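Asks: Below are the structure tokens for one structure; questions will follow.
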Amino acid sequence: MSQIKIHYPESLPVSQNVDKIKKLISEHQVIVLCGETGSGKTTQLPKICLDLGRGQRKLIGHTQPRRIAARSVATRIAEELNVNLGDEVGFKVRFTDKTSTKTHIKLMTDGILLAETQNDPLLKKYDTLIIDEAHERNLNIDFLIGFIKQLLPKRPDLKIIITSATIDVEKFSKHFDNAPTI
């Protein structure tokens, strides 16, 4: 892990707020992050979590609504970290699992994470979950949000980051007991 060099492209708005985001993640179990499309939230948040030491003994799980997005985001993050896809950064979608014992960041569809709750109701293999594109408000995301809410007291070590481009931040913050927003 120590050989992975993490850098944040200066052109991305999220990169300008790395320290603030790190502080919020460190101090709170749930944060809600709203940023415009192209702000860097999808690619930089998992790197920020990795930088904080998350994803070492357990995984940083990162959901996307669609398979193509999970695959392409994993590819992009692996490129930015200069690692092989399937090693430190991997993805799992229906019919394809490109993760390994080396994986720290796992991209997946909402449906994959939801399916994992069947065999692992405490989601013990994760120390961080990034629920991306929460504004898509499909049944999978709605179920996941409800599931995660009831899971939080049982997993005080689990960090949750809800992100979106057009999210109603107040509604999500309220749902998670007034979680901080950025």
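The values are calculated or read from the model by the stated rules, or taken from the named source; none is laboratory data. Computed from a prediction, not measured in an experiment: that's the story for all the values here. Every residue, glycine as well, gets a Cβ built from its backbone with ideal geometry; the counts of neighbours run over all protein chains shown. Surface areas here come from the heavy atoms of the whole protein model, side chains and all, with no ligands, DNA or RNA. Shrake-Rupley method; radii C 1.70, N 1.55, O 1.52, S 1.80 Å.
Asks: Sort out which residues of region 115-136 are modelled with pLDDT under 95, assigned to a helix (DSSP H, G or I) and open to solvent by 20 Å² or more (accessible area, probe 1.4 Å), and write them in order of number.
Replies: Within region 115-136, 135, 136 meet the criteria.
A quick yes/no check of all residues on (1) in contact with a Ser or Thr (Cβ under 6 Å, 6 or more places away or on another chain); (2) surrounded by fewer than 20 Cβ atoms within 10 Å (Cβ to Cβ):
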| residue | (1), (2) |
| --- | --- |
| 38 | no, yes |
| 41 | yes, no |
| 47 | no, no |
| 73 | yes, no |
| 94 | no, yes |
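Asks: Turning to a different aspect of this structure: Identify, please: which residue in region 142-156 is in a helix (DSSP H, G or I) and modelled with pLDDT of 95 or more and is, among those, most open to solvent (accessible area, probe 1.4 Å)?
Replies: Among those that are in a helix (DSSP H, G or I) and modelled with pLDDT of 95 or more, it is 154.
Asks: Starting from region 139-154, keep only residues that are in contact (Cβ under 8 Å) with a residue 24 or more places away in the chain and more than 11 Å from residue 117 (Cα to Cα), then list their pairs with residues that are open to solvent by less than 60 Å² (accessible area, probe 1.4 Å) and of a type in the set (S, T, N, Q) whose Cβ atoms are within a distance under 7 Å, requiring at least 6 positions of separation or different chains.
Replies: 152/29
Asks: Give me a count of the residues in region 79-92 that are free of Cβ contacts under 8 Å to residues at least 24 places away in the same chain and surrounded by fewer than 21 Cβ atoms within 10 Å (Cβ to Cβ).
Replies: 5
Asks: Does residue 139 satisfy being at pLDDT below 95 and more than 14 Å from residue 31 (Cβ to Cβ)?
Replies: yes
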